[in-house]
Structure formats: structure tokens, C-alpha cells
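One structure is given here, and the rest of the page talks about it.
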Amino acid sequence: MKALTWQGKRDVRVDTVPDPALAAPDDVIVRITSTGLCGSDLHLYEVLGPFLEPGDILGHEPMGVVEEAGAEVTAVRPGDRVVVPFNVSCGTCFMCGQGLHSQCETSQVRDQGMGGSLFGYTKLYGQVPGGQAEYLRVPYGNELPVKVPDGPADDRFVFLSDVLPTAWQGVEYADIPPGGSVAVLGLGPIGDMAARIALHRGAGEVIGVDRVPERLGRARARGVDTIDLAEHDDDLAEVIRDRTDGRGPDSVIDAVGMEAHGSPVGKIAQQIAGVLPDAVSEKLMQTGGVDRMHALYQAIDIVRRGGTISLSGVYGGMADPLPMLTIFDKQLRLHTGQANVHRWVGDLLPLLGDDDPLGVDTFATHHVPLADAPAAYEMFQKKEDGAVKVLFRP
């Protein structure tokens, strides 16, 4: 089959690789019909190379049609249309039973000290072959695939793999009071969808912050009050407080993570990590604090006293200093974590009807053949051509 493989920093290629095969009696093989390019894929493209090996298949936002099912699979059968969550979760362990599918005890990567495995996301998360490919082996076939109806185009359902549950969890964790206010930092796919969900769920004021004109325009068109960070990076907190009765919003959703602008030291550390030998880079990435923490610092400054910060953006280092005095003094709550996809499917499926309240049918900005994936990665990384959400068609 054809698959998008990592070969080095900013070097991804579509190669011919062996077809996946059933490895356990509850496996299924899915023929991929659509698969997303995620902002966190750019972490692999740019700075997390020490945790990858040439030939690793990327991608964790797929959907398609079941082609083959193991002897013990009864929940789906060949011909069924399914979405594959990015969490490799068994659905039956203690953690899955708590709704913490990202912490699945069956797929936990214990030798790395990490939570549940993820499709297409480094040896830190199990080095599981990903979904930017023509076919994908999916374990736990009775629990993991999400069966969806035939009929509507893939765009209606494919975002159940990551974007929708990640954004929904971000809003859930933000604990916005009824009619309250929330600032969303970063209007990429997750921030954009989180802003839509916050409005849908009754937030009185949603403020979206970004520096990319196309992203700001998309959010404004959905009723979000936007702020251009290019104009207000130095006084962002003051501008937002002026719009929220002088005290700041009830909640802030950080949908930026380590792609944030603003910390030259952090940027240099990331660049250094990218040229060191892998063994040294791994240690630096895990313990040296190579993240650019600007967005999180802004969230701490912006949110009102007694408010909540919901952290959806991906951070990778462990030694970054946090302003604990400010967090304590402002009595803030910080809720974070990898999205637990299956936890939110029941909430989201009813919103994927023909009325399309969240605008999923038109959410993708680009539909690209898998063969053109390397150019799409570069376009998305450089934020060119208005790229907000890219879907590949294998």
C-alpha cells in the first residue's frame, strides 16, 4: 500500500510499504477513505524527530470502510463505515471505564512512562503505524472503531477521530458558566472548533485570538469576537480584560501549545534539539524544557481570578518554570490532558445531522490526494494558502 512515512526533520514521503495484516482475533483492517493532517503532526514534522524512526507511518485522524475482521469481531463487519479514534483504547480496562481512554491500561506505553498508545505518534506513544495510508490495522475491533451511517460525505464524520472530541473536551474542561465568557488562544482546527462548541453550548462571550488573517476571518464568520495577536501581543491581557468587565474571562482555552510564538529562548532550544544526536535530543526534549510557553503564560495572565484554564495544546518538555505564585494567588484551576475520544462520542454524534450546527461539512479548507501529502505538510506548517484543516484522500 501507499503510506506517508517520516524520514527526517521536515522530510515526509509517500512510500510503498507492506499491507497491514490481522495480528489478533479482534483486529480489523480498515480501507482509509479520508484522513486528517493535525496540528500535532507538525510536532513530528518539526521538533519530535528524536522519538521517530525513518519509515514510521504518520497520521491519527482516519476513517474508512472495514475490509477484513478477525474471528472474534462481532461489533463491525466488512463493508461497515467507521471512524478510528486516535486513542488506541481497549474500552474495557479500569481507565476506559472511567472515561479516560487516553490512559488505557491495556495499551499504556509503560517503558516510556506514558499513557495509552496513539496511532502514528512516535515511540513515546507505542510507535503504532498511523492512518495517513491506504489501509490501517485497528485493534480492539469490538470497542475502538466508531460505526457511522452511510450517505453523507466523509467530512461529516471524520472529525470524530480527533478534532471534535478534543475541542469538546477542551470546552468541557474549561467549565464555562452558563452565559459566561471564554477566551480561545489559537484558532487552528482545535481552537476554531472549540470556539464553535462554546457558542453552541451557551457561552455568552467567546473571544478568539490568533495572528493568521484567514483563521480570524473564519472565526468571525461563526460569531466569535476576534483579536489579532499581531496587533496586540504586548497588551493582549488588557484588551481582553476591557471586553470582560475589567476582570478577564471566566475561562481560557489554550489551543496553541508548543507551536506558540513568543519565546526566542524556547525556539532556540527546539532548534538545538533538532540537530543533536537522538539519544541526547530525547533527554533534552523530555527534561530540558524546550517548549515555548508563551501561550500558557498568557492564559494565566488573562483568566480572571478563580477562573479555569483548559489546556488542549500539546506541550512536550518537563522542566519549564511555571509561575506557581500567580497560579496560587489567582486561585486558578488548570485542567489538561489528551482527549478521551470515546468519552465524548455520545455527545457529538447527535450534532452530526443534516442541520450541521458545528459546520463540520465545510470545516476542511483543503482536500488533497495522499500522493501530495509532503507538499501539504509544508503548506500547513507555513500557514500558506489559508490552510486551516487539510484532509487527505488515499
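Key figures
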read-out: Whether region 154-263 is rounded, prolate or oblate, judged on the alpha carbon gyration tensor where a/c under 1.5 counts as rounded; value: oblate
read-out: Degrees between helix 189-200 axis and first principal axis of the chain (Cα, 0 to 90, nearest 10); value: 70
read-out: In degrees, nearest ten, helix 163-174 long axis to first principal axis of the chain (Cα); value: 40
read-out: Separation of the K382 and K9 label points, Cα + 7 Å toward Cβ, nm; value: 1.8
read-out: Farthest positive-ward along the chain dipole, Cα basis, beta-carbon charges - from S102, M379, I300; value: I300
read-out: Förster-model FRET efficiency, 51 Å R0, A153 and D233, C-beta, rounded to 0.05; value: 0.85
read-out: Whole-Hz couplings from phi, Karplus 6.51/-1.76/1.60, listed for region 117-125; x for Gly and Pro; value: 5, 10, 5, x, 9, 6, 6, 4, 10
read-out: Most positive-pole-ward Cα, T326, V83, V14, against dipole of the chain from beta carbon charges; value: T326
read-out: Within region 134-154: backbone nitrogen closer than 17 Å to the D354 label point (7 Å, Cα to C-beta); value: 149-154
read-out: Estimated vicinal HN-Hα couplings, Hz - region 129-143 in sequence order (Karplus 6.51, -1.76, 1.60; Gly, Pro = x); value: x, x, x, 8, 7, 7, 9, 9, 7, 10, x, 6, x, 8, 10
read-out: Sum of side-chain charges, A71 neighbourhood, beta-carbon under 14 Å (Lys, Arg +1; Asp, Glu -1); value: -3
read-out: For region 114-161, projected area of the alpha-carbon convex hull averaged over all directions, nm²; value: 4.2
read-out: Amide H within-cut-off set for R393, under 5 Å, with H built and near neighbours excluded; value: V368, L370
read-out: Entries in K147/K382; K330/K383; K2/K382 that, when Cα-Cα distance is taken, lie over 29 Å; value: K147/K382; K330/K383
read-out: Neighbourhood charge, 12 Å Cβ-Cβ cut-off, centred on V163 and excluding it, Lys, Arg +1 and Asp, Glu -1; value: -2
read-out: Residues whose placed amide H lies under 5 Å from that of T33, excluding near-sequence neighbours; value: M63, G64, V65
read-out: R247-R201 FRET efficiency (beta carbon distance; Förster radius 25 Å; 0.05 resolution); value: 0.70
read-out: The chain - mean residue ellipticity at 222 nm from DSSP helices (-39,500 (n - 2.57) per run, n ≥ 4, rounded to 500); value: -7500 deg cm²/dmol
read-out: Cα centroid separation, region 169-246 to region 37-63 (Å); value: 28
read-out: Proximal charge balance of E238 [Cβ under 13 Å; K/R count +1, D/E count -1]; value: -3
read-out: Virtual spin-label span in nm between A375 and E143, 7 Å along Cα→Cβ; value: 4.3
read-out: Percent antiparallel among DSSP beta bridges (both partners in the chain, rounded to 5); value: 50
read-out: Separation in nanometres of the label points that stand 7 Å from Cα toward Cβ, at D361 and H335; value: 3.2
read-out: Cβ charges +1 (Lys, Arg) and -1 (Asp, Glu), total dipole of the chain, debye; value: 360
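Computed from the coordinates by the stated procedures, all read-outs in this text should not be read as laboratory data. Since the model is a prediction, treat every value here as computed from it, not as a measurement. No Cβ is skipped: glycine too gets one built from the backbone with ideal geometry, and neighbour counts run over all protein chains shown.
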